[in-house]
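We did not get these values from a lab; they are worked out from the coordinates using the rules stated. Just so we're clear, the structure is a prediction, and the values are computed from it rather than from any experiment. Positions of Cβ are backbone-derived with ideal geometry, glycine not excepted, and every protein chain shown enters the neighbour counts.
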Amino acid sequence: MVHRLDERAIALWASLPRELVARFRPVVGRLTQDMVREIQRAVPAYAQPLEGHFGAIMMAGVEQSVLRILDTVGIGGPSDENWAAVFRQLGRVEFAEGRSLDCLQTAYRVGGRVAWRHLAAWGQQQRLPTAMLTVAAEAIFAYVDEISTLSIEGYTAAQAQSAGVIERARRRLVELVLSDPPGSMTALTELAATARWRVPDTVAVVVVEQAVDGEPDVLAGPHDPEVLVDLDLPCLVLPDPARQLRALHPHLRGRRACVGPLVPLREAATSLNWARRAMALVRRGIIGGDTSLTWCHDHLSTLWLLADEFLVRELRRRALAPLTGLTAKQRARTAETLLAWLETRGSAPEIAQRLDIHPQTVRYRMRQVDKLFGPQLANPDTRLELEIALRADRLLRTGEDLPPTPPRRRPNTVHS
């Protein structure tokens, strides 16, 4: 890209006599030294020995700024891309060093003042007309504006490039963290450094409902840099879920979210799998209730019980086979009473109080249970299977009895 100097600056330099250049060249060496010294005095960040890469960049910038002025005096003409690249590179260097543009902008202003001081003193010695010196002063400060603009371009370009690199690294990093089996720790650590992500010991994965079409997705916005986001699943990887969800939860706008278990980093895929499983049970109405945020650690027994629904349905079918001849209402009442007895092994009054029914009703139902199951109830293994089957039956019937979850509607907004 060829950068054009401001037309006003070109006209100012071109209006000065070309013969002045040869007369001024003996002053250039001292001018350059003074500019570097004054810049280092005014900008503490630059007050270091002019060695290595820093020294080369510093001297190149000062020398190019002076030489370009001399090349343009009395001629004007288009800009040289190599010259422009020097000042863009200075902007890139400032970003890479972690500084703002304030240091470089100050250096340019100080350099401009030093250049004017030398030029004014030299002009008086050469008895140059005041009008010519006025033009030179205006040209110097127009030039300072120009090189400042070039450095801003370089700084901004480096900033944008860095943001793109970090974003790509974070996308790749979340894939690596959630892969099963996980990527190597060496590869993960290297990628985390590029992504500006501090590698934690443990994480929890949070699965979130997809946003409604046309609704702004809060997951695509800025986040705590410790949070990794996968917009495709969508999910979040959180090193400190309790703290980070406090900040994020109000912005979910009613979208349901399930928090997987806190696990070692290399087991993040396990946390993701359980969060997904929890979300499936939330959609079926089996867990979650009215809250939009569900924590797996609050539902471990249910998640374990329904981890393999084929097997639990087989157990349910076999263990509860004696109930198949009952009506739906009889089956539900008998199952409820049997489960209360298995959970408490209490007396009829105790079970009656638990179920809010009459003790005589409990005794009647338990006589029916004895007829249906007989000596099986004396076997501890059978009692365990029955309790598991009845708990699963209660959970699965809850999910089966509910209608399909309707699409989530966008919340009403009130405009002030």
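Among Pro200, Pro349, Pro264, which one moves the most in a GNM of the chain with springs linking Cα atoms closer than 10 Å?
The residue with the greatest mean-square fluctuation here is Pro349.
In debye, nearest 20: dipole of segment 269-371 around its Cα centre with unit charges on the Cβ of K, R (+) and D, E (-)? Spell out each step's value before the answer.
Numbers: 17 positive and 10 negative charges, 98 e Å.
Here the size comes out at about 480 debye.
Calculate the spin-label point distance for Arg345 paired with Leu67, positioning each point 7 Å from the Cα along the beta-carbon direction, and give it in nanometres.
9.5 nm
Against the empirical 2.2 N^0.38 Å scaling, what ratio does the C-alpha Rg of segment 200-305 come to? Display every interim value, and only then the final one.
Values: Rg = 13.0 Å, N = 106, 2.2 N^0.38 = 12.9 Å.
This ratio for segment 200-305 stands at 1.00.
Rounded to whole Hz and in sequence order, give me ³J(HN,Hα) for segment 143-153 from the Karplus expression 6.51 cos²θ - 1.76 cosθ + 1.60, θ = phi - 60°, writing x for Gly and Pro.
Each residue of segment 143-153 in turn: 5, 4, 4, 5, 5, 5, 4, 4, 5, 4, 4 Hz.
Provide the gained length on full extension for the span Arg318 to Ala22, in nm with one decimal, where the gain is 0.36 nm per separating residue minus the Cα-Cα distance. Before the final figure, lay out each step's value.
Values: separation 296, 0.36 × 296 = 106.56 nm, distance 10.52 nm.
Result: 96.0 nm gained on full extension.
For the chain, with only Lys/Arg (+1) and Asp/Glu (-1) charged at the beta-carbon, what is the dipole magnitude about the Cα centre, in debye rounded to 20? Each step should come with its number before you reach the end.
Details: 52 positive and 48 negative charges, 244 e Å.
The dipole magnitude comes to about 1180 debye.
Got a sec? Charge dipole of the chain, +1 on Cβ for Lys and Arg, -1 for Asp and Glu; which of Phe141, Ala169, Gly346 is way out at the positive end?
Farthest towards the positive end: Gly346.
Label-point separation (nm) for Glu387 and Thr149, each offset 7 Å from Cα along Cα-to-Cβ?
8.1 nm
Please state the Cα pair-distance histogram of segment 7-163 with 5 angstrom bins from zero: what percent is in each bin?
2, 9, 18, 22, 20, 14, 9, 4, 1, 0, 0
I'd like the distance separating the alpha-carbon centroids of segment 176-203 and segment 11-73, in whole Å.
47 Å
What are the equivalent ellipsoid semi-axes of segment 309-401, built from the alpha-carbon gyration tensor (square roots of five times its eigenvalues), in whole angstrom, biggest first?
On the way: eigenvalues 85, 45, 32 Å².
They are 21, 15, 13 Å, listed largest first.
Would you mind telling me the antiparallel percentage of the DSSP bridges in the chain, rounded to 5? Can you show the working numbers first?
Working: 12 of 15 bridges.
Of all bridge pairs located within the chain, approximately 80 percent are antiparallel.
Label 7 Å along Cα→Cβ of Ser100; segment 118-154 residues with amide nitrogen under 16 Å?
Under cut-off, by backbone N: 152.
Quick one: if the Förster radius is 41 Å, what FRET efficiency do Arg168 and His249 give, using the C-beta to C-beta distance and rounding to 0.05? Walk me through the numbers before you get to the answer.
On the way: r = 28 Å, r/R0 = 0.69.
It comes to 0.90.
Once you have the Kirkwood Rh of segment 288-333 from its Cα pairs, apply Stokes-Einstein at 10 °C and 1.306 mPa s and quote D in µm²/s. The partial results should precede the final answer.
Values: Rh = 13.0 Å.
For the chosen part, D equals 122 µm²/s.
Once the dipole of the chain is set up with Lys and Arg at +1 and Asp and Glu at -1 on Cβ about the Cα centre, which of Ala275, Thr382, Gly288 lies farthest towards its positive end?
The residue sitting farthest along the positive end of the dipole is Thr382.
How tilted is helix 328-344 with respect to the longest principal axis of the chain? Cα atoms for both, answer in degrees (0 to 90, nearest 10).
Approximately 80 degrees, to the nearest ten.
Would you please give the residues with an amide H less than 5 Å from that of Gly74, counting only those at least 5 places away or on a separate chain, with H modeled from the backbone geometry?
When sequence neighbours closer than 5 places are left aside, the close amide H contacts are Ala14, Ser15, Leu16.
Could you line up Met58, Met132 from fewest to most neighbouring Cβ atoms inside 10 Å? Show your work: numbers first, answer last.
Numbers: Met58 19, Met132 15.
The fewest-first ordering by Cβ neighbours comes to Met132, Met58.
Only helical DSSP H runs with n ≥ 4 go in: add -39500 (n - 2.57) per run for the chain, normalise by residue count and round the 222 nm mean residue ellipticity to 500 deg cm²/dmol.
Helix-only estimate at 222 nm: -20000 deg cm²/dmol.
Let me know the Rg and Dmax you get for segment 304-362 when you use only its Cα atoms, in Å.
13.5, 38
Take the chain, connect every pair of alpha-carbon atoms lying under 10 Å apart with a spring to form a Gaussian network, then pick out the residue of Tyr143, Tyr108, Tyr364 with the largest mean-square fluctuation.
Highest fluctuation among the options: Tyr364.
So how far, in whole Å, is the C-alpha centre of segment 260-316 from the one of segment 335-384?
29 Å
Under a GNM of the chain (C-alpha, springs under 10 Å), which listed residue has the highest mean-square fluctuation: Leu191, Leu326, Leu238?
Leu326
Over all alpha-carbon pairs of the chain, lay out the pair-distance distribution in 10 Å bins, whole %, shortest bin first.
P(r) over the chain, rounded to whole percents: 4, 16, 16, 13, 12, 11, 8, 6, 6, 5, 3, 1, 0.
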